[in-house]
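Here's the structure we're looking at; comments come further down.
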Amino acid sequence: MDDLKPLLAFAAVLEHGSMNAAAQALGMTPSAVSQHIRRLEKLHGVKLLHRSTRRLAPTDAGQALAGHCRRLLATMQDTRLALSALKTDIAGSVRLAAPTGLANAAAFRRALLRIAREHPALQIELQLGEALADLREGGIDIALRGGEHALDAPDLIARKLAEWPWRICAAPGYLKTAPPLTHPARLDAHQWVYHQPPHFELARGRERHLLSIRSGLSCNHIAAVQGLCEAGLGLALIIEGEAAGAVQRGSLQIVLPEWQLPAIAIHAVTPHRIQSARIAAVLRILQESFAEPTAAAAKAT
C-alpha cells in the first residue's frame, strides 16, 4: 500500500491543480503530498512536475504517467463506494441537482413523492439552478442534465431518463383572441415569450418550416417562461415533460401538435459507476418515474 500512496498523491495533484487541494482531498498535509511525489521522482529517476509559484504542470514523463494514475485513483474511489454499497440500509442524505424548470415536470415530482413514500429515512437535498453542477468536487451525488452540454465531461456516468421534444405552448385565453394558427408560417405573427429567441425547424412528413423569431418578451430566467406563457403573454417553447402538468390542468395548450420539433435528452449524471444503496435507490426511482409517458404526449397524440 505504501507504494501506491505516491501514485495516488500524483493523481490528486493533477486532478485538483495544487499541493494544498490534493492534500485536503487525500487527508494529508501539503508537505506529505510533496514528499510522496519527490520520492516517486527519485525512485524512478524522472521529473514529473514543473513547479512554479503560480501553478503545477506535468512534464512529458508526468503526462505519460497521468492516465495510469488517474485510473488507479478512480479504482480506489470505486472500491470505497463498493464497500459502502454493501450496507443495505437506504438512509441518509442524497444531494440532487437539477435545472429549475424540472420542478414543473410531473415525472420529477412523481420521483420525489415516491422517494419520500418508499424511503422515509432518505433525505433529499435539492439544488435547483441553470449552471451545470460540479460533480467532481463531491458536493453533488446526482445531477439531472439536458441539452448539448449535459455530457461534456467524459469521466462522468450518465443514465438516460427521457427524451422530451420541445412543444409550442400557449394559454387557452391567449389563443381565443390571437390570430388563428393552422400552419407554422403564421407563428411569426404572434406574440412570444422566450429565454432565447426561437430558431428551429419544424417537420411534418416531408414538409419543413424554419422558424426564426426575433422579437417578443425576453426573460433572463428560463424557468419563468412557462408561468408567463400560462398568464397569456404569448407563445412559448417548453419541453414536453415540463409542460405536461399544465396541459393536463388546462392552463396550457399545445399548438400545432402534428408538427415535430427537436428533442432534448434528459440524463441522470453521477461521478462514479458504483453507487451506494441510497443513491442507487434514488436513481432507480428517477428512471422509473421518467419512463412513464407524459400527459402532454398522450394529449398531443
| remark: The size of the Cβ-based charge dipole (Lys, Arg +1; Asp, Glu -1) of the chain about the Cα centre, to the nearest 20 debye, is 340 debye
| said: On a full-extension model of 0.36 nm per residue, what is the gain between residue 79 and residue 249, subtracting their alpha-carbon distance, rounded to one decimal in nm? | reply: 56.5 nm
| Pairing the Cα long axis of helix 30-44 with the longest principal axis of the chain, what angle in degrees results, from 0 to 90 and rounded to the nearest 10? | 70 degrees
| said: If I model a spin label at residue 42 and residue 117 as a point 7 Å from the Cα along the Cα→Cβ vector, what separation in nanometres do I get? | reply: 6.4 nm
| query | Given a 1.4 Å probe and every protein chain left where it sits, what share in percent of the accessible area of segment 3-86 is carbon and sulfur? | reply | 55 percent
| query | What's the longest bit of the chain with no exposed trypsin sites (Lys or Arg not before Pro), using DSSP loop states and at most 14 other Cβ atoms within 10 Å as the test? | reply | 137-205
| field | Carbon plus sulfur fraction of accessible area for segment 165-262, probe 1.4 Å, in percent | value | 50 percent
| request: Could you provide, to the nearest whole Å², the per residue accessible area of the chain with probe 1.4 Å? | output: 54 Å²
| said: With the cut-off at 1.5 for a/c, could you classify segment 165-262 from its C-alpha gyration tensor as rounded, prolate or oblate? | reply: rounded
| field | Answer label, with Rg/Rh (Cα atoms, Kirkwood Rh) calculated from the coordinates and candidates (i) 0.97; (ii) 1.11; (iii) 0.94 | value | (ii)
| request: Pop a pseudo-label 7 angstrom from the Cα along the beta-carbon direction at both residue 204 and residue 217 and give the gap in nm to one decimal. | output: 2.7 nm
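The values are calculated or read from the model by the stated rules, or taken from the named source; none is laboratory data. What you are looking at is a predicted structure, and each value in this text was computed from that prediction instead of being measured. Counting neighbours? That spans all protein chains shown, and the Cβs are built from the backbone with ideal geometry, glycine included. Surface areas here come from the heavy atoms of the whole protein model, side chains and all, with no ligands, DNA or RNA. Shrake-Rupley method; radii C 1.70, N 1.55, O 1.52, S 1.80 Å.
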